Amino acid sequence: MKRRRRARLAALAAGVALVVSGCSGGDSGGGSSKGSSQQLRIGTALTPTDSLDPNTATSPGIMMTISYIYGSLAATTDKGTKMRLAESITPNATVDEWTVKLRKGLTYSDGTPVTGQDVLASFQHLAQAPEYKTLYGGIDFAASKAEGSTAVLKLTAPSSDFLESTLAMMSPIAPKGQFTGVGAGPYALQKGDSSTGYQLKSNPKYWAGEPKIKRVEVKMIASASARAKALKAGEIDYAYGLDSASLATLKSASDLVTPKPTLQSASAMDLVLNTRVAPFNDPEVRRAAKLTLDRAKMVKTVLGESGELGNDMLGKGYPSYPKDIEQVKADKEKARKIFASKGVTSFTIMAADITPGLVASAELMAQEFKKVGVDVKIEKADAQSYFSQMDKLYASPAFTMYWINRPAMGEFRMQADARSPYNVSGYSSQAMTEKFTKATQTLDEKSRDKLVAEISQEIHESGGDLVWGFQKQLSAYRKGLKGLVVDQSMPWIAEATFSAS
């Protein structure tokens, strides 16, 4: 169970994540002047082991469903942090205590009032899961308190980015912390399961008013190509998670919209160089791997026009991203010499299409490594069971991964902390930990950005994540969908309207 739960890193990443603070927001063209009661059918990926408890969620489809049912205290959009279930979230002067005030009259879909005690109980439940300890494990629940519609969260250490990196990333609330399908989000559960999908109905008690779209069906469609075909055939109205090839098949359809993709909440395509085992426990060998790949070629070949060059750091496109760090460029002769001097002639990459293009990227990498005298064996795995094999991944020299691109502070908390289950490469250092701790205590933005740049430089030079490219979020939907916002890379439809005609 613990290994399966770690799969949440792809949905935060997905996360959250993993994941993993910062979201992308965008308007698809404004709201409609006429409401609609049409059902919106969303095609996405679900995993059979998922449930409506966030602690067991592993797929984009279930995270989407969870966000619709439970909502979140806050969210980060392209216009900044936006309050949702919370009226306000404010820190004390030393940023080790945060006060959450819920909206007046806030209730769950069954009419039960939402309380500050529910906030504490919900976070205490989330903190029990290994993947959420990085987010909620820093709350001192014994010292925290709640009264009426207010919760005061006492932290074990100062955290200047607590709103950005935790609450605005994901803060679902459930009655007494029991995530059984009743929430205060814009939709209520009608029926369904993670094998086939979920049917939801609009929540008339939602704080912002009952959504115009009255019914939502989240349908299980495993592959990007199948989702594109279903959209084109009129079987769904929104295809979430496409790749360049599947999107190309929809370009000529006059009744469909393919929104302009952005780097915010893009998928960061990663080859994890496992620092726990040979040969990548050697920083020089990691450097050789980074010098081997022609990243521009990989982006063009695998990601197409919607791809963006990666430089082994996350957070590209956000204000705190250090733009002056030199871009890694292929130097095959130098890579060849390093591999030869270290006696590295082969290694294995485990690969799965947990997001479209990762297997193809591994195959292209194998060709690149062959040019520097290293034979790469690719061990392909099933995407749906990939994260149930964490022990096997952690024993493999290298494996494919993707992350949801978010601001640096949130990424550091998830990936650079040696204690975090999201730190899949196993890389950390005392210097980096000390700088990050200092950054969490720093309110001055310029001073914090300087520390972010220093941490990023170390990750760039010595880290175990070979982030070679960014796949901007690709989706498509029918023209009748208006007022859509993308939040945590997921379609947020609470304020949208839809007409199939």
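Applying the set (1) part of a strand (DSSP E or B); (2) within 20 Å of Ala266 (Cβ to Cβ) to Ile378 leaves exactly one unmet item: (2).
Once region 368-409 is narrowed to residues that are polar (S, T, N, Q) and closer than 26 Å to Ala224 by Cα, the residue that is surrounded by the fewest Cβ atoms within 10 Å (Cβ to Cβ) is Ser385.
Those strands (runs of 3 or more DSSP E) of region 55-143 in which 2 or more residues are under 30 Å from Leu242 (Cα atoms) occupy 74-77, 80-83.
As for region 327-339, it holds no residue that is surrounded by 21 or more Cβ atoms within 10 Å (Cβ to Cβ), modelled with pLDDT under 95 and in the same structural domain as Ser425 (by TED's automatic domain parsing).
Of all residues in region 161-182, at least one satisfies being surrounded by fewer than 20 Cβ atoms within 10 Å (Cβ to Cβ), among the polar types (S, T, N, Q), part of a loop (DSSP other than H, G, I, E, B) and at pLDDT 95 or above.
Listed here are the residues, each with its yes/no results for (1) more than 30 Å from Ser388 (Cα to Cα); (2) surrounded by 17 or more Cβ atoms within 10 Å (Cβ to Cβ); (3) of a type in the set (Ser, Thr, Tyr); (4) touching a Gly at 6+ places or on another chain (Cβ under 8 Å).
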position	(1), (2), (3), (4)
Thr44	no, yes, yes, yes
Asn55	no, yes, no, no
Ser59	no, yes, yes, no
Met64	no, yes, no, no
Ser67	no, yes, yes, yes
Ala74	yes, yes, no, no
Ser88	yes, no, yes, no
Pro91	yes, yes, no, no
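Among the listed residues Ser195, Ser265, Ser252, identify the single one that is part of a loop (DSSP other than H, G, I, E, B), surrounded by 20 or more Cβ atoms within 10 Å (Cβ to Cβ) and among the small types (Gly, Ala, Ser). None of the others qualify; the one that does is Ser265. Evaluating Lys229 against the criteria (1) under 22 Å from the mean Cα position of the chain (by Cα); (2) surrounded by fewer than 19 Cβ atoms within 10 Å (Cβ to Cβ); (3) over 16 Å from Gly61 (Cα atoms) leaves one unmet condition, (1). Of Ile349, Ile354, all but one fail to be closer than 16 Å to Ala266 by Cα, hydrophobic (A, V, I, L, M, F, W, C) and surrounded by 21 or more Cβ atoms within 10 Å (Cβ to Cβ); the exception is Ile354.
If you go through region 417-443 and keep only what is of a type outside the set (Lys, Arg) and within 15 Å of Ser159 (Cβ to Cβ), you end up with Asp417, Ser420, Thr433, Phe436, Thr437, Ala439, Thr440, Gln441, Thr442, Leu443. Of all residues assigned to region 365-375, none qualifies as being touching a helix residue (DSSP H, G or I) at 6+ places or on another chain (Cβ under 7 Å) and under 27 Å from Ala45 (Cβ atoms).
In region 107-123, is there at least one residue being in the same structural domain as Met64 (by TED's automatic domain parsing), under 30 Å from Met390 (Cβ atoms), in contact with a Pro (Cβ under 8 Å, 6 or more places away or on another chain) and buried (at least 22 other Cβ atoms within 10 Å of the Cβ)? Yes, the conditions are met somewhere in region 107-123.
Only residues that are surrounded by 23 or more Cβ atoms within 10 Å (Cβ to Cβ) and either out of contact with any Gly (no Cβ under 8 Å at 6 or more places or on another chain) or over 13 Å from Pro91 (Cα atoms) (or both) were counted in region 140-160, giving 1.
Of everything in region 275-318, what is assigned to a helix (DSSP H, G or I) and of a type in the set (A, V, I, L, M)? Give them in sequence order. Once the filter is applied, which keeps residues that are assigned to a helix (DSSP H, G or I) and of a type in the set (A, V, I, L, M), region 275-318 yields Val285, Ala288, Ala289, Leu291, Ala296, Met298, Val299, Val302, Leu303.
The values are calculated or read from the model by the stated rules, or taken from the named source; none is laboratory data. None of the values given here were measured: they were computed from a predicted structure. Positions of Cβ are generated from backbone atoms using ideal geometry, with glycine treated the same way; all protein chains shown enter the neighbour counts.
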